Amino acid sequence: MPAHAHVTDSDAASAADAAATDPLGRERAHLAASRSALRAMREDVQNLDIRDVTANWVNAIVLQAQIDDRIKALADLAHTPLFFGRLNYLHAPGAELAEGAEGEQFYIGRRHVHDAGGDPMVIDWRAPVSQPFYRASKNDPQDIGLRRRFGYTGGELTAYEDEHLSDPAEAASVSKLLQQEIERPRVGPMRDIVATIQPEQDEIVRSGLSGSVCVQGGPGTGKTAVGLHRVAYLLYAHRDRLARTGTLVIGPNRSFLHYIEQVLPALGELEVKQATVDDLVARADLEVRGADAAETAVVKGDARMAEVLRRAVHSHVSEPVEPLMVVRGSRRWRVPAYEIAEIVAELQNRDIRYGAARDALPQRIAHAVLVRMEQAGEAPDDRVQDAVARNPAVKAVVKTVWPLVEPAKLVLRLLSDPEFLAAHADGILSSDEQSLLLWSKPARSVKSVKWSAADLVLIDEATDLVERTHSLGHVVIDEAQDLSPMQYRAVGRRCTTGSATVLGDLAQGTTPWATRSWDEALGHLGKPGAVLEELTAGFRVPREVIAYASRLLPAISPGLSPVSSVRETPGSLIVTTVDSAASLPPAVIDACRASLVHEGSIGLIAADARIPELAEALLAAGLPYLSPGEETTAESRLTLVPASLAKGLEYDYVVLHEPADVVAGEPDERTGLRRLYVCLTRAVSGLTLLHTTPLPEALA
Ligand SMILES: Nc1ncnc2c1ncn2[C@@H]1O[C@H](COP(=O)(O)OP(=O)(O)OP(=O)(O)O)[C@@H](O)[C@H]1O
């Protein structure tokens, strides 16, 4: 850790001396004092003696864990500033906005810091009083006289930039510090953007918990960043509620989740779970060992499957044909079949799960018996009703009329038994679609099946028909455009009582079932009322590169507008034609070496099928490389990326190997071009494209 990361009290004193003369010195003094205050806050927590307040050891462990989390949340991160902005209001904002912080001047930072007297020294970026830092403008100054942005090197405050928003004489200007932040080289996992959230991003970040939001945005427009900051914001604004109900971030694969996993902890949020959709529907007792052909997976992921499953589950309920005879002591009580049928019909018409109705059935039948007992002059109480409900004769009726349904067995039967499938799919799926679903070799048992990922989603749907799925408070779905309708439903049932943030780009959909329209997708998710937002400013890809990649848009997603990049990096695109296939690998190695001369991360992206040979070439050339998801460090900066894993990731310099192969690696041309679009849009500073095979027409 560099020495400047720790400011001692004597440093604080000398900084205070400097304060009188220069403004930067004054700000440094405030930073030093804030650091001391944060340290004191941390020490207060560390020194807590919990022996007197905990009744037993379980209690003590729970409390200690909470304290440890609190200490972690109060850590002073050496390389990130404690505050990054300052607001001077023209008038002291009302108590509601300022949340106890008095005065007109506020420092905005990652977390709240207060002094020994409890007065705030740094205000959390999520507090209402911080909002104008992100939203105020010359046109709408929001009562702000001065907005100051700070520049840092490591943990050291090195610069500041002022905007006098309420001064009509001052012209609006582009922030250099913002530009520098956006252009800072990337090393290691994704970082937060808390100092530079843009107004249109901030509106999404701070939109309320009760509503769902869907964000369409091209590559690098900050969708992932916005989704993660939104979670942090919601946790701040609705801490108690979300602590109870839980939050979840869904991403496309492990390497992507690794890439983003540091962002929320850096914002002080340690409790948010991350998962893929496959994780959500996984079952400990069923392994995914199979894969579906694309056309089969399309049918399995189609929303019509939900109706097939619903019919199949409910087909287990049968019309009672026998009367019920309950023997208690010397008396026999008879309930005719038609009356049981009425009870069953009533339960079927109610909007409750199959399992809940099954659980209710014995009590309903018992009630019918009790009515007869009362008519006969007896005075049975609740205990009698419970006893009747447990009577073997009643249990036997329930078992035949409303049998248990095991979801995995049900799906197994649908996929192996043509007649059973037809009985529930006729009129919903064509016979061709039904044939696609059926396994060529019917399976014997749930354990022996080579379940596919799509099968698990079907089992999850069936499970929800039997028993309601637990709902979380908020779910963020990143790269949502790749979800099938059935996957949207699986996510949707995990936020039925909560809300969702859906992030995606229709042009980057590379699954055979990729989302065509957000309205449709939101319907499947069960959030048809979600607000649709669009982000169009690009923070990753340089203008030249995004313009080149956008030439593919008419073919892959007509109607979508190209991203307008905020990054002007002349010379960021190099397209090299290599004469022979044999010269390509050496040319690729040279391009990697040339990229490594620069600071930051390098991604060598190629069609999945080409990865082994490139790995060999890199090894032979003595260039060590990482796999996606492995953390880049200053020493190890080159990652070899299969095209199928490039989505959502970014590298300072990208070397793209043979675009035609990337296209050819997909089942159809449009998907191939979309995959290529993803690969072309991973670069922050420069893209070198090498090919021997002719480029796709739009790029030639
Ligand atoms: N306001 C901002 N200030 C600074 N950097 C930003 C800002 N918004 C986004 N970025 C940066 O731009 C890059 C792209 O952001 P992000 O990955 O969130 O985009 P995305 O829309 O999810 O992209 P993709 O569609 O490729 O997945 C990231 O490095 C992110 O930190």
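The values are calculated or read from the model by the stated rules, or taken from the named source; none is laboratory data. Because the structure is a prediction, the values reported are computed rather than measured. Please note: Cβ atoms are built from the backbone with ideal geometry, for glycine as well, and neighbour counts cover all protein chains shown.
Return yes when GLY151 is on the phi < 0 side of the Ramachandran plot, in contact (Cβ under 8 Å) with a residue 12 or more places away in the chain and touching a His at 6+ places or on another chain (Cβ under 7 Å) and no when it is not.
No, not satisfied.
Of the residues examined, PRO189 is not one that is within 25 Å of SER601 (Cβ to Cβ) and surrounded by 18 or more Cβ atoms within 10 Å (Cβ to Cβ). As for segment 254-277, it holds at least one residue that is outside any helix (DSSP H, G or I), in contact (Cβ under 8 Å) with a residue 60 or more places away in the chain and among the polar types (S, T, N, Q). Restricted to strands (runs of 3 or more DSSP E) entirely inside segment 108-201, those with at least 1 residues that are within 15 Å of the ligand (Cβ to nearest atom) and either of a type in the set (Ser, Thr, Tyr) or not assigned by TED's automatic domain parsing to the domain that holds LEU31 (or both) are 144-153.
Would you call THR221 crowded, with 23+ Cβ neighbours inside 10 Å, farther than 23 Å from THR633 by Cα and within 12 Å of the ligand (Cβ to nearest atom)? So THR221 fits the description; yes. Where strands (runs of 3 or more DSSP E) sit wholly within segment 485-582, those with at least 2 residues that are among the acidic types (Asp, Glu) and within 17 Å of CYS214 (Cβ to Cβ) occupy 531-535.
I'd like to check something: does segment 505-528 contain any residue that is polar (S, T, N, Q), away from the ligand (no atom under 16 Å from the Cβ) and either in the same structural domain as ARG682 (by TED's automatic domain parsing) or out of contact with any strand residue (DSSP E or B) (no Cβ under 9 Å at 6 or more places or on another chain) (or both)?
Just the residues of segment 505-528 that are polar (S, T, N, Q), to begin with: 508, 510-511, 515, 517.
Next, from what is left, pick out any that are away from the ligand (no atom under 16 Å from the Cβ): 517.
Those still in the list that are either in the same structural domain as ARG682 (by TED's automatic domain parsing) or out of contact with any strand residue (DSSP E or B) (no Cβ under 9 Å at 6 or more places or on another chain) (or both) too: 517.
Checked segment 505-528: at least one residue is polar (S, T, N, Q), away from the ligand (no atom under 16 Å from the Cβ) and either in the same structural domain as ARG682 (by TED's automatic domain parsing) or out of contact with any strand residue (DSSP E or B) (no Cβ under 9 Å at 6 or more places or on another chain) (or both).
Does segment 482-499 contain at least one residue that is modelled with pLDDT of 95 or more, crowded, with 23+ Cβ neighbours inside 10 Å and within 16 Å of the ligand (Cβ to nearest atom)? So far as segment 482-499 goes, yes, one or more of its residues are modelled with pLDDT of 95 or more, crowded, with 23+ Cβ neighbours inside 10 Å and within 16 Å of the ligand (Cβ to nearest atom). Of everything in segment 674-691 that is within 11 Å of the ligand (Cβ to nearest atom) and part of a helix (DSSP H, G or I), the residue that is nearest to LEU640 (Cα to Cα) is CYS679.
Scanning segment 620-641 finds one or more residues that are at pLDDT 95 or above, within 16 Å of the ligand (Cβ to nearest atom) and out of contact with any Ser or Thr (no Cβ under 7 Å at 6 or more places or on another chain). The number of residues in segment 213-249 that are farther than 25 Å from ALA136 by Cα and part of a loop (DSSP other than H, G, I, E, B) comes to 3.
Determine whether segment 441-452 contains at least one residue that is within 18 Å of the chain's Cα centre (by Cα) and either of a type in the set (D, E, K, R) or not in a loop (DSSP other than H, G, I, E, B) (or both). No, segment 441-452 contains no residue that is within 18 Å of the chain's Cα centre (by Cα) and either of a type in the set (D, E, K, R) or not in a loop (DSSP other than H, G, I, E, B) (or both). Can THR469 be described as polar (S, T, N, Q), in a helix (DSSP H, G or I) and either more than 16 Å from the ligand (Cβ to nearest atom) or surrounded by fewer than 19 Cβ atoms within 10 Å (Cβ to Cβ) (or both)? Considered against the rule, which asks whether it is polar (S, T, N, Q), in a helix (DSSP H, G or I) and either more than 16 Å from the ligand (Cβ to nearest atom) or surrounded by fewer than 19 Cβ atoms within 10 Å (Cβ to Cβ) (or both), THR469 comes out as no.
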